[in-house]
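Could you have a look at this structure, given as structure tokens, before my questions?
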Amino acid sequence: MEQKIITIKEQIETAIEQRENLKIVGGNSKSFLGRDIVGSKIDMSDYTGVISYEPTELYISVKAGTLLSDVNKVLSEKNQILAFEPAEVNEKTTIGGVVATGLSGPRRPYAGSVRDFVLGISCINGLAKNMSFGGQVMKNVAGYDLSRLLTGSYGSLAVIYDVTFKVLPIPEFESSGCKQTSRQEALETMSELSVKSFPVSAACYYDGLLSVRFSGNKKVVKDSMQNFSLQEMDNSEQFWSELRNFKLPFFNSEKPIWRLSVPSSSNIGFEKDDYVIDWGGAQYWLASERPANEIFSLAEGFGGSALLFHGGDRSGDVFQPLSKGIFKLQQNLKQAFDPYRILNREKMYKTL
Amino acid sequence: MNFDNLRQFLPDEAVLLSEESRRVYECDALSAHRVIPGCVVLPDSVEQVQAVLRYCHANDIPVVARGAGTGLSGGAMPHAEGVLLILAKFDQIIEIDAKQRIARVQPGVRNLAISDAVKSHDLYYAPDPSSQIACTIGGNVAENSGGVHCLKYGLTVHNILQLKIITIEGDLLTIGSHALDSPGYDLLALFTGSEGMLGVIIEVTVKLLPKPPYSRVLLAAFDDIEKAGNSVAGIIANGIIPAGLEMMDKAGVRAVEDYIHAGYPVEAEAILLCELDGTEDEVLVTIDKVETLLKEYGAIEVRVARDENESLQFWAGRKAAFPAVGRIAPDYYCMDGTIPRKHIAEVLSKINILSEKYELAVVNVFHAGDGNLHPLILYDVAIPGELKRAEAFGSDILKLCVSIGGTITGEHGVGVEKINEMCVQFSEDELQQFHEVKAAFDKKGLLNPGKAVPTLNRCAEFGAMHVHKGHDKFPDLERF
């Protein structure tokens, strides 16, 4: 066992004895997410490196503190990518934080989410037990799928220290196009893009402009661009990277930023608030001073959920409140992994 | 146990109490394991299922949920003192939303029936387990079923959005949503592949995909299994993800040829089937690339299907592999380990050595693209001791898979069949964590007891050595 793992186990054991809260930290690039919490730090940022990478097996195993930029670099040398397009919020973003928050980028509706690409996780739970679930192979149904359960659990079930991802080849060719249009028309186009076999890999509506990225065979991409009368974007790489990394001018708003995950057919109109539509209509970014309850009910009304992404009151509800029955299961799971409620206590919900 | 009381909640004909009517359900597709259920119920409404579960919970009665009973690991094997809850009457497609590319279906809807129902929209449901004509979606979710196309399109977990489940206490809950991400812990992922241990699935929302407009199959023959294995890695290294990538060894090819005359080259040591899909332009370009690659990797023959019919003919052999094997032996035992692809040749040669040791023939067909092996061990249940030998042989294959970094089950599930091998793949702490997760949903342990996760006592009795994810204590020693 590596020294780092022993240290984490000891930290947890001490915390159990002293009934102390622990706060798991990587590069701190997404510390604005979740509820504000206190606790002694478990610092993962010095636990770095690629454990194994086999391009022909389509997997990479990395230590949680590894910089996302380093992972992307290693993969790009072999013409491969993390297809869920995680955000590099700043140069300190680590892969552990990507998995803990489970946030996926613009390619998500067409390629899959973080958890879709997680094959295995090694972790230490709140009882200081060291465990591994999943593995390096795509097909694996032995035992409950706990590596996917841990993805997006904001460190509140276990300290994730090694992660294995499925990786994919870089698309052979990419091109993006845009056109000025109304929200209604943009959403209709987005829907048409998904229903037919177009090689779409991102679709966003921002500031009156529909932007679409296609990835795949060159001729098919070019034909698709023509089919929708899109004008080739000259700043496409910059645009998608700004959207992915929360760097579009929209994200500079002084107002609280909300992220709404809703069915792609929702078609929500905002008259007073600034917004960005991503994921082909299934994700809205909203800058709004409206009370949290109002936003939560709005999202729920469309069959989706809201997350107070940036700013606002971080001591109240940040994640969509859950139904009683579902919340009870969340509490039972917290109990199953971390009965003393030591790890990232209250990060997701006040009583978790 | 008094099951008569269940007639309070269900019509008389939906509660089967006589021995002959219960015997019909004594096993799923793993017919070597049989138990006559204490009682069989066939509810047709959510309220009835809730009432049955509430009653069982209050009276500590075990419950085993069952769909079409096509599972290969005994996951739906009944409990002698329990209720077998059959969901076959829940066979309605509730809603198809072509614009959102989703369908909301009841758990007893057959896998293939979903694709058939959305055909007119040029959509389909991607996971295609080989039993798709008969298996139902509830069971697919419970087992996280795969199929021949999951290298490109993923498993069940990648292709569903929302579940409605009933807890053992009888509460109806919605897990996930029609949005892509849902708040809280990912219960949808946890539920998928949980083998009926956490709750009863009563509705599934599946994602639908646009039908690829064009597809073609290539057939390559190799005189050496290692070359065939290397060519799989070669295709992927070149940035190509085929829709399907299947391999079959010589014994498999011969069995298939004797059965349906698919035109497979019988002199080959291994054949590879590679399906490419997408738009016509895209597929035609990729076919040329793959053909060249296969030749570079030493294929002695590469055939490209000229049209849709020939593609189907190439597939026909692979699809007939199991019945073909059924013709050459009275019984066969199908294994389901997954390994890192690079070890294919090594594992196959070790399986052949084991075959000699146990004096049982073996045929290998497998999903080469994702390293999922299906060795078929041939035996005759009428010969005393052969079933036991076949099971021991199978167990050794699974241990071999774990020792090189693979897993004991890729898509068939643990059920009762591979419960001992779970002790090899997982440590005590990991198994204990599984039990804690189970207790989070089912404190009394009434749902499908004795399946999927072994007790620590059972592992102690089995006496297996936990092999840590490919890091054997003595990696140089050969272990069979």
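Just give me the residues in region A:69-86 being away from every other protein chain (no Cβ under 14 Å) and in contact (Cβ under 8 Å) with a residue 12 or more places away in the chain, in sequence order.
A:SER69, A:ASP70, A:VAL71, A:ASN72, A:VAL74, A:LEU82
Just to be sure, is B:LEU276 within 14 Å of chain A (Cβ to nearest Cβ), modelled with pLDDT of 95 or more, in contact with a helix residue (DSSP H, G or I) (Cβ under 8 Å, 6 or more places away or on another chain) and buried (at least 23 other Cβ atoms within 10 Å of the Cβ)?
yes
I would also like to ask the following. Of the residues B:ASN352, B:ASN364, which single one is touching a Pro at 6+ places or on another chain (Cβ under 6 Å), more than 14 Å from every other protein chain (Cβ to nearest Cβ) and more than 21 Å from A:SER61 (Cβ to Cβ)?
B:ASN364
So, in region B:1-23, exactly how many residues are within 16 Å of B:HIS79 (Cα to Cα), touching a strand residue (DSSP E or B) at 6+ places or on another chain (Cβ under 8 Å) and not aromatic (Phe, Trp, Tyr)?
Going through region B:1-23 one residue at a time, the tally reaches 6.
Against the definition (closer than 23 Å to B:ASP122 by Cα, within 14 Å of another protein chain (Cβ to nearest Cβ), more than 22 Å from the chain's Cα centre (by Cα) and not in a loop (DSSP other than H, G, I, E, B)), how does A:SER224 come out, yes or no?
yes
Test each condition in (1) surrounded by fewer than 22 Cβ atoms within 10 Å (Cβ to Cβ); (2) more than 30 Å from B:LEU209 (Cβ to Cβ) for B:VAL253 and report the one that comes out false.
Against the list (1) surrounded by fewer than 22 Cβ atoms within 10 Å (Cβ to Cβ); (2) more than 30 Å from B:LEU209 (Cβ to Cβ), B:VAL253 comes up short only on (1).
Moving on to the next point. Quick one: in region A:132-183, which of the residues that are assigned to a loop (DSSP other than H, G, I, E, B) and of a type in the set (Asp, Glu) is nearest to the chain's Cα centre (by Cα)?
Once the filter is applied, the top-ranked residue is A:ASP145.
Another question about this same structure. Go through region B:351-407 and report how many residues are over 14 Å from B:GLU417 (Cβ atoms), of a type in the set (A, V, I, L, M, F, W, C) and outside any loop (DSSP other than H, G, I, E, B).
14
Now for a different question. Can you tell me which residue is farthest from B:GLY147 (Cα to Cα) among those in region A:124-153 that are among the hydroxyl-bearing types (Ser, Thr, Tyr) and touching a residue at least 40 places away in the same chain (Cβ under 8 Å)?
Step by step, filter region A:124-153, then rank; the result is A:SER153.
Which of the residues spanning region A:184-213 are away from chain B (no Cβ under 14 Å), under 19 Å from A:VAL262 (Cα atoms) and of a type in the set (D, E, K, R)?
A:GLU185
I'm trying to understand the selection: among the residues of region A:44-60, which are farther than 18 Å from B:HIS343 by Cα and surrounded by fewer than 19 Cβ atoms within 10 Å (Cβ to Cβ)?
A:SER45, A:ASP46, A:THR48, A:GLY49, A:VAL50, A:ILE51
So, in region A:326-352, how many residues would count as being outside any helix (DSSP H, G or I) and under 22 Å from the mean Cα position of the chain (by Cα)?
9
Across region A:5-33, what is the number of residues that are part of a loop (DSSP other than H, G, I, E, B) and either in contact with a Pro (Cβ under 7 Å, 6 or more places away or on another chain) or more than 21 Å from A:ILE121 (Cα to Cα) (or both)?
The qualifying residues number 7.
For A:VAL141, which of the numbered conditions (1) under 27 Å from A:GLN11 (Cβ atoms); (2) in contact with a strand residue (DSSP E or B) (Cβ under 9 Å, 6 or more places away or on another chain) fails to hold?
(1)
Just to check your reading of the model, which residue among A:LYS219, A:LYS166 is among the basic types (Lys, Arg), surrounded by 16 or more Cβ atoms within 10 Å (Cβ to Cβ), closer than 26 Å to B:PRO242 by Cα and out of contact with any Pro (no Cβ under 9 Å at 6 or more places or on another chain)?
Every option except A:LYS166 fails the conditions.
Out of region A:104-130, which residues are more than 8 Å from every other protein chain (Cβ to nearest Cβ), more than 30 Å from A:ALA202 (Cβ to Cβ) and either not in a strand (DSSP E or B) or not hydroxyl-bearing (Ser, Thr, Tyr) (or both)?
Matches in region A:104-130: A:CYS123, A:ILE124, A:GLY126, A:LEU127, A:ALA128.
Matching residues to (1) at the interface with chain A (Cβ under 9 Å from one of its Cβ atoms); (2) under 17 Å from B:GLU391 (Cβ atoms):
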position: B:VAL414; (1), (2): yes, yes
position: B:GLU421; (1), (2): yes, yes
position: B:PHE426; (1), (2): yes, no
position: B:ASP429; (1), (2): yes, no
position: B:GLN433; (1), (2): yes, no
position: B:GLY450; (1), (2): no, no
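Residues of region B:179-215 being surrounded by fewer than 24 Cβ atoms within 10 Å (Cβ to Cβ), more than 11 Å from chain A (Cβ to nearest Cβ) and not aliphatic (A, V, I, L, M), which ones?
Within region B:179-215, B:GLU203, B:SER215 qualify.
Can you report the number of residues in region B:162-178 which are free of Cβ contacts under 8 Å to residues at least 60 places away in the same chain, in contact with a Phe, Trp or Tyr (Cβ under 8 Å, 6 or more places away or on another chain), more than 22 Å from A:LYS347 (Cβ to Cβ) and within 8 Å of chain A (Cβ to nearest Cβ)?
0
Please pick out the residue among B:ILE36, B:ILE61 that is more than 14 Å from chain A (Cβ to nearest Cβ), over 26 Å from the mean Cα position of the chain (by Cα) and in a loop (DSSP other than H, G, I, E, B).
B:ILE61
Quick check on this structure: which one of A:ALA306, A:ALA336 is in contact with a strand residue (DSSP E or B) (Cβ under 8 Å, 6 or more places away or on another chain), among the small types (Gly, Ala, Ser) and buried (at least 17 other Cβ atoms within 10 Å of the Cβ)?
Exactly one residue qualifies, and that residue is A:ALA306.
Residues checked against (1) farther than 30 Å from B:TYR332 by Cβ; (2) assigned to a loop (DSSP other than H, G, I, E, B):
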residue: B:GLY74; (1), (2): no, yes
residue: B:MET77; (1), (2): no, yes
residue: B:GLU95; (1), (2): yes, no
residue: B:ARG104; (1), (2): yes, no
residue: B:SER131; (1), (2): no, yes
residue: B:ALA134; (1), (2): no, yes
residue: B:VAL141; (1), (2): no, no
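For region B:291-309, state whether one or more residues are closer than 30 Å to B:ASP380 by Cβ and surrounded by fewer than 19 Cβ atoms within 10 Å (Cβ to Cβ).
Within region B:291-309, none of the residues are closer than 30 Å to B:ASP380 by Cβ and surrounded by fewer than 19 Cβ atoms within 10 Å (Cβ to Cβ).
The values are calculated or read from the model by the stated rules, or taken from the named source; none is laboratory data. Just so it is clear, the model here is predicted, and its values are computed rather than measured. All Cβ positions, glycine included, derive from the backbone under ideal geometry; neighbour counts span all protein chains shown.
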